[in-house]
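Structure, as C-alpha coordinates:
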Amino acid sequence: ELPQSLLLRLNLIRAYEAQDKNDEALAVSNDILKTQPDQVNTLDLHSELLLKKGDSAKALAAMEKAYSLVPANLTLGYKLLYQYAESKNPKTILLADSLIAKDSLKLHAEPYYVKGIYYSNINEKAKAIESFNETIRQDYNYLNAYIEKGKILFDQKKVPEAFKAFQTANSIDPAFADAWYWMAKCQELSGQKEDAKLNYEKAYALDKSFTEAKEAAERIK
(Lines give C-alpha, C1' and ligand atoms only; values in the text may rest on other atoms or scores of the structure.)
Protein backbone atom coordinates (compact mmCIF):
# COMPACT_ATOMS: atom_id res chain seq x y z
CA GLU A 1 0.00 0.00 0.00
CA LEU A 2 2.92 2.36 0.71
CA PRO A 3 5.71 1.14 -1.58
CA GLN A 4 7.76 4.33 -1.25
CA SER A 5 7.73 4.46 2.55
CA LEU A 6 11.36 4.47 3.68
CA LEU A 7 10.45 3.71 7.29
CA LEU A 8 8.43 0.64 6.32
CA ARG A 9 11.20 -0.66 4.08
CA LEU A 10 13.79 -0.17 6.82
CA ASN A 11 11.53 -2.13 9.15
CA LEU A 12 11.24 -4.82 6.47
CA ILE A 13 15.05 -5.09 6.35
CA ARG A 14 15.16 -5.56 10.12
CA ALA A 15 12.34 -8.12 9.99
CA TYR A 16 14.17 -10.17 7.36
CA GLU A 17 17.41 -9.87 9.33
CA ALA A 18 15.69 -11.11 12.50
CA GLN A 19 14.65 -14.23 10.57
CA ASP A 20 18.18 -14.71 9.16
CA LYS A 21 16.87 -13.94 5.67
CA ASN A 22 19.91 -11.86 4.83
CA ASP A 23 19.61 -12.17 1.05
CA GLU A 24 16.06 -10.81 1.16
CA ALA A 25 17.17 -8.02 3.49
CA LEU A 26 20.05 -7.10 1.19
CA ALA A 27 17.69 -7.01 -1.79
CA VAL A 28 15.58 -4.38 -0.01
CA SER A 29 18.60 -2.31 1.06
CA ASN A 30 20.04 -2.47 -2.45
CA ASP A 31 16.71 -1.30 -3.84
CA ILE A 32 16.65 1.70 -1.48
CA LEU A 33 20.25 2.65 -2.24
CA LYS A 34 19.61 2.65 -5.99
CA THR A 35 17.35 5.66 -5.59
CA GLN A 36 18.73 7.08 -2.33
CA PRO A 37 22.48 6.30 -2.32
CA ASP A 38 23.10 8.67 0.60
CA GLN A 39 20.46 7.22 2.93
CA VAL A 40 22.54 6.81 6.09
CA ASN A 41 20.33 4.37 8.02
CA THR A 42 20.17 2.10 5.00
CA LEU A 43 23.94 2.24 4.50
CA ASP A 44 24.38 1.28 8.16
CA LEU A 45 22.05 -1.73 7.86
CA HIS A 46 23.53 -2.64 4.47
CA SER A 47 27.01 -2.76 6.01
CA GLU A 48 25.85 -5.02 8.84
CA LEU A 49 24.20 -7.40 6.39
CA LEU A 50 27.29 -7.56 4.19
CA LEU A 51 29.38 -8.41 7.25
CA LYS A 52 27.03 -11.30 8.00
CA LYS A 53 27.51 -12.49 4.43
CA GLY A 54 31.28 -12.33 4.86
CA ASP A 55 31.79 -9.50 2.38
CA SER A 56 33.96 -7.32 4.59
CA ALA A 57 35.26 -5.12 1.75
CA LYS A 58 31.81 -3.99 0.60
CA ALA A 59 30.65 -3.70 4.22
CA LEU A 60 33.56 -1.38 4.96
CA ALA A 61 32.84 0.73 1.87
CA ALA A 62 29.20 1.15 2.94
CA MET A 63 30.17 2.11 6.48
CA GLU A 64 32.82 4.56 5.26
CA LYS A 65 30.21 6.28 3.12
CA ALA A 66 27.68 6.40 5.97
CA TYR A 67 30.20 7.95 8.35
CA SER A 68 31.41 10.46 5.73
CA LEU A 69 27.84 11.73 5.45
CA VAL A 70 27.41 12.24 9.22
CA PRO A 71 30.91 12.47 10.79
CA ALA A 72 29.40 13.72 14.06
CA ASN A 73 27.63 10.37 14.57
CA LEU A 74 29.76 8.56 17.17
CA THR A 75 27.87 5.28 16.81
CA LEU A 76 28.81 5.06 13.15
CA GLY A 77 32.32 6.23 13.96
CA TYR A 78 32.86 3.37 16.38
CA LYS A 79 31.34 0.83 13.99
CA LEU A 80 33.73 1.98 11.27
CA LEU A 81 36.62 1.93 13.73
CA TYR A 82 35.98 -1.72 14.63
CA GLN A 83 35.73 -2.66 10.94
CA TYR A 84 39.05 -0.95 10.26
CA ALA A 85 40.71 -2.78 13.16
CA GLU A 86 39.34 -6.19 12.20
CA SER A 87 40.53 -5.72 8.61
CA LYS A 88 43.99 -4.58 9.86
CA ASN A 89 43.49 -1.26 8.10
CA PRO A 90 46.00 1.44 9.14
CA LYS A 91 43.16 3.97 8.95
CA THR A 92 42.27 2.60 12.40
CA ILE A 93 44.81 4.87 14.06
CA LEU A 94 43.76 8.03 12.21
CA LEU A 95 40.09 7.49 12.99
CA ALA A 96 40.77 6.53 16.62
CA ASP A 97 42.87 9.65 17.15
CA SER A 98 40.14 11.73 15.51
CA LEU A 99 37.52 10.30 17.87
CA ILE A 100 39.82 10.90 20.85
CA ALA A 101 40.32 14.53 19.78
CA LYS A 102 36.55 15.04 19.56
CA ASP A 103 36.10 13.66 23.09
CA SER A 104 37.01 16.86 24.94
CA LEU A 105 35.52 15.58 28.21
CA LYS A 106 37.50 12.30 28.00
CA LEU A 107 34.36 10.20 28.43
CA HIS A 108 35.14 7.40 26.00
CA ALA A 109 37.79 4.69 26.35
CA GLU A 110 36.62 2.87 23.22
CA PRO A 111 39.09 4.41 20.72
CA TYR A 112 42.07 3.39 22.87
CA TYR A 113 40.68 -0.14 23.14
CA VAL A 114 40.16 -0.50 19.39
CA LYS A 115 43.70 0.78 18.77
CA GLY A 116 44.82 -2.08 21.01
CA ILE A 117 42.81 -4.58 18.96
CA TYR A 118 44.35 -3.21 15.76
CA TYR A 119 47.91 -3.41 17.10
CA SER A 120 47.25 -6.92 18.38
CA ASN A 121 45.89 -7.95 14.97
CA ILE A 122 49.02 -6.69 13.19
CA ASN A 123 51.24 -8.37 15.82
CA GLU A 124 52.59 -5.19 17.42
CA LYS A 125 52.06 -6.54 20.89
CA ALA A 126 53.93 -3.88 22.89
CA LYS A 127 51.82 -1.12 21.32
CA ALA A 128 48.70 -3.22 21.90
CA ILE A 129 49.45 -3.53 25.63
CA GLU A 130 50.18 0.19 25.80
CA SER A 131 46.79 0.92 24.22
CA PHE A 132 44.97 -1.46 26.57
CA ASN A 133 46.72 0.18 29.53
CA GLU A 134 45.54 3.58 28.26
CA THR A 135 42.01 2.15 27.95
CA ILE A 136 42.15 1.12 31.60
CA ARG A 137 43.47 4.55 32.63
CA GLN A 138 40.49 6.10 30.87
CA ASP A 139 38.01 3.57 32.29
CA TYR A 140 39.14 1.31 35.13
CA ASN A 141 36.07 -0.91 34.64
CA TYR A 142 36.71 -1.67 30.95
CA LEU A 143 36.74 -5.46 31.39
CA ASN A 144 37.66 -6.49 27.85
CA ALA A 145 40.84 -4.40 28.00
CA TYR A 146 42.08 -6.53 30.91
CA ILE A 147 41.23 -9.71 29.02
CA GLU A 148 42.94 -8.66 25.77
CA LYS A 149 46.00 -7.44 27.65
CA GLY A 150 46.13 -10.66 29.65
CA LYS A 151 45.81 -12.81 26.53
CA ILE A 152 48.89 -11.17 25.02
CA LEU A 153 50.85 -11.70 28.23
CA PHE A 154 49.64 -15.31 28.37
CA ASP A 155 50.83 -15.93 24.80
CA GLN A 156 54.18 -14.42 25.77
CA LYS A 157 54.39 -16.98 28.64
CA LYS A 158 54.21 -14.16 31.21
CA VAL A 159 51.72 -16.15 33.22
CA PRO A 160 51.86 -14.28 36.59
CA GLU A 161 51.32 -10.93 34.84
CA ALA A 162 48.53 -12.39 32.73
CA PHE A 163 46.84 -13.88 35.80
CA LYS A 164 46.98 -10.50 37.53
CA ALA A 165 45.18 -8.85 34.60
CA PHE A 166 42.45 -11.51 34.57
CA GLN A 167 42.15 -11.40 38.36
CA THR A 168 41.62 -7.64 38.28
CA ALA A 169 38.78 -8.06 35.77
CA ASN A 170 37.33 -10.75 38.04
CA SER A 171 37.49 -8.45 41.08
CA ILE A 172 35.62 -5.73 39.16
CA ASP A 173 32.88 -8.09 37.98
CA PRO A 174 32.78 -11.61 39.51
CA ALA A 175 30.00 -12.50 37.04
CA PHE A 176 32.31 -12.00 34.04
CA ALA A 177 32.80 -15.51 32.67
CA ASP A 178 35.83 -14.69 30.52
CA ALA A 179 37.89 -13.69 33.56
CA TRP A 180 37.21 -17.04 35.31
CA TYR A 181 38.12 -18.90 32.12
CA TRP A 182 41.42 -17.14 31.58
CA MET A 183 42.35 -17.35 35.25
CA ALA A 184 41.77 -21.08 34.92
CA LYS A 185 44.04 -21.29 31.86
CA CYS A 186 46.82 -19.62 33.83
CA GLN A 187 46.28 -21.99 36.76
CA GLU A 188 46.23 -25.04 34.49
CA LEU A 189 49.50 -23.99 32.86
CA SER A 190 51.00 -23.44 36.33
CA GLY A 191 49.99 -26.94 37.46
CA GLN A 192 47.15 -25.79 39.74
CA LYS A 193 44.77 -28.34 38.29
CA GLU A 194 42.07 -28.31 40.99
CA ASP A 195 41.78 -24.52 41.02
CA ALA A 196 41.75 -24.47 37.23
CA LYS A 197 38.96 -27.06 37.06
CA LEU A 198 36.83 -25.09 39.54
CA ASN A 199 37.29 -21.84 37.65
CA TYR A 200 36.50 -23.44 34.29
CA GLU A 201 33.30 -24.73 35.89
CA LYS A 202 32.49 -21.25 37.24
CA ALA A 203 32.96 -19.77 33.77
CA TYR A 204 30.57 -22.30 32.26
CA ALA A 205 28.05 -21.83 35.08
CA LEU A 206 27.97 -18.10 34.32
CA ASP A 207 27.68 -18.58 30.56
CA LYS A 208 26.14 -21.82 29.30
CA SER A 209 27.25 -21.03 25.74
CA PHE A 210 30.87 -21.12 26.90
CA THR A 211 31.50 -24.68 25.72
CA GLU A 212 35.29 -24.19 25.72
CA ALA A 213 35.16 -23.76 29.49
CA LYS A 214 33.00 -26.88 29.91
CA GLU A 215 35.34 -28.96 27.74
CA ALA A 216 38.40 -27.64 29.57
CA ALA A 217 36.90 -28.58 32.96
CA GLU A 218 36.09 -32.08 31.71
CA ARG A 219 39.62 -32.47 30.35
CA ILE A 220 41.16 -32.05 33.81
CA LYS A 221 41.11 -35.27 35.81
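The values are calculated or read from the model by the stated rules, or taken from the named source; none is laboratory data. Predicted model, so just to flag it, every value in this text is computed and none were measured. A quick note on method: Cβ atoms are made from the backbone with ideal geometry, for glycine too, and the neighbour counts reach across all protein chains shown. Quick note on the areas: whole protein, heavy atoms, side chains included, nothing else; ligands and nucleic acids left out. Shrake-Rupley method; radii C 1.70, N 1.55, O 1.52, S 1.80 Å.
Looking at (1) on the phi > 0 side of the Ramachandran plot; (2) in contact (Cβ under 8 Å) with a residue 12 or more places away in the chain, can you tell me which one ASP20 breaks?
(2)
Give the residues of region 4-32 that are open to solvent by 70 Å² or more (accessible area, probe 1.4 Å) and of a type in the set (Gly, Ala, Ser), sorted by residue number.
Scanning region 4-32 gives a single hit, ALA18.
Which residues, taken from region 29-51, are among the hydrophobic types (A, V, I, L, M, F, W, C) and in contact (Cβ under 8 Å) with a residue 24 or more places away in the chain?
ILE32, VAL40, LEU43, LEU45, LEU49, LEU50, LEU51
Out of region 155-166, which residues are farther than 17 Å from THR135 by Cα and buried (at least 20 other Cβ atoms within 10 Å of the Cβ)?
PHE163
Only one residue in ALA169, ALA205 is modelled with pLDDT of 95 or more, open to solvent by less than 10 Å² (accessible area, probe 1.4 Å) and not aromatic (Phe, Trp, Tyr), so which one is that?
ALA169
If a residue must be surrounded by 14 or more Cβ atoms within 10 Å (Cβ to Cβ) and either among the aromatic types (Phe, Trp, Tyr) or assigned to a helix (DSSP H, G or I) (or both), how many such residues does region 33-51 contain?
13
Suppose we filter region 52-77 for residues that are free of Cβ contacts under 8 Å to residues at least 12 places away in the same chain, part of a helix (DSSP H, G or I) and under 17 Å from the mean Cα position of the chain (by Cα); how many remain?
So the answer is 1.
List the residue pairs whose Cβ atoms are under 8 Å apart, where the first residue sits in region 170-183 and is closer than 11 Å to TYR146 by Cα, the second is assigned to a helix (DSSP H, G or I) and among the basic types (Lys, Arg), and the two are 6 or more positions apart or on different chains.
Pairs found: TRP182/LYS151.
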